[in-house]
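Have a look at the structure below, then the notes.
No lab work stands behind these numbers, since they all come straight from the coordinates. Just so you know, these numbers come straight off a predicted model, no measurement behind them. Heads up, the Cβs are rebuilt from the backbone with ideal geometry, glycines too, and the neighbour counts pull from every protein chain shown.
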Amino acid sequence: MSYTDSMEYEVPTSSVDAYREQGFAILPSVIDEATVAMLREESAYFVGYTDAAMDAEGVEVNGITHRGKRYFISNRYRSSARLADFLFGSLMAKITTAFLGDTVFLFNEQWVVKGAGQGMKFSWHQDSGYVKAFDPATRHTPYLTCWCALDDMTDANGTISVLAHDVLGTRNHILDHEREDGTNDLIGYAGLESGELITMEAGSVAVFSSTSLHRSGPNTTDQQRRVYLAQYSSEPLMSSSGKLWAQAVPFVARGDMVYSKKDDFDKPVVSPRIRKNMQTEFA
């Protein structure tokens, strides 16, 4: 396995073209080994903290998180001394500006971890479908998902499959989603298309549009399947009522990196919903 020097890395034109045409692209082995190791350590901490919080509440399921099976742990990077350096570092600046242009905001970040041997599937959905489910009148520019692999991604451990935009015409269209009983998943497609299975090594990044349909299979291996997911937008994403939807942390402006860790940690640009979670979940 060889990693790319983030200082020298440039996103290939072919990857940008693939993203624009089909809605997704793969960037192989772009996160260096030390950073992958750091992200694995942070993942273990936040999964452990989430387990402890669920123990304290006496629950096994919290939204789409199912203890030991599947974790979605969102907007926790300010509880870490290290994660902001990755989210707002030179590698992510190069990746995000290649696909979004010269203005970039952090919209959301989360851990997506499937437990060993019992990691649950995740049904076909669009990330923008979760916005629409809570705000049916939403009109937003598709944002960018950077699906950062912390393990080798295979069919056996529940990697993702992605449907190209032209299959169902999803380039600028958010499908209606229905909530699945038992899992709490939102499902945007239940047809026969299988999509493209994304297999890649740890340290690789799959990038896809928030309107790209994707799903993931169960983890049938004896090891966790860990992903750090960072989402960025070209403008603050606002609700139909004009309020900030999630986060809009300035990252790149006119091509220059403008992120200030002090400003972000002191006065985070987040919606009231996210701020409430920050104050309660990891107090």
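Kirkwood-type hydrodynamic radius, the stretch 97-168: 15.1 Å, calculated from all non-identical alpha-carbon pairs. As a proxy for reagent exposure, ranking Asp135, Asp266, Asp185 by other Cβ atoms within 10 Å from fewest up yields Asp266, Asp135, Asp185.
Normalised by the number of residues in the chain, the mean separation of alpha-carbon contacts (under 8 Å, six or more apart) gives a relative contact order of 28 percent. A straight Cα-to-Cα reach below 24 Å connects Lys276 with the lysines Lys132, Lys243, Lys261, Lys262, Lys267, residues fewer than 8 places away in its own chain not being considered. Kindly identify the stretch 21-141 as rounded, prolate or oblate by the Cα gyration tensor criterion: order the square roots of the eigenvalues as a ≥ b ≥ c, call it rounded if a/c is under 1.5, otherwise compare a/b with b/c, prolate if a/b is larger, else oblate. Oblate.
Considering only the Cα atoms of the chain, their convex hull presents on average a projected area of 14.2 nm².
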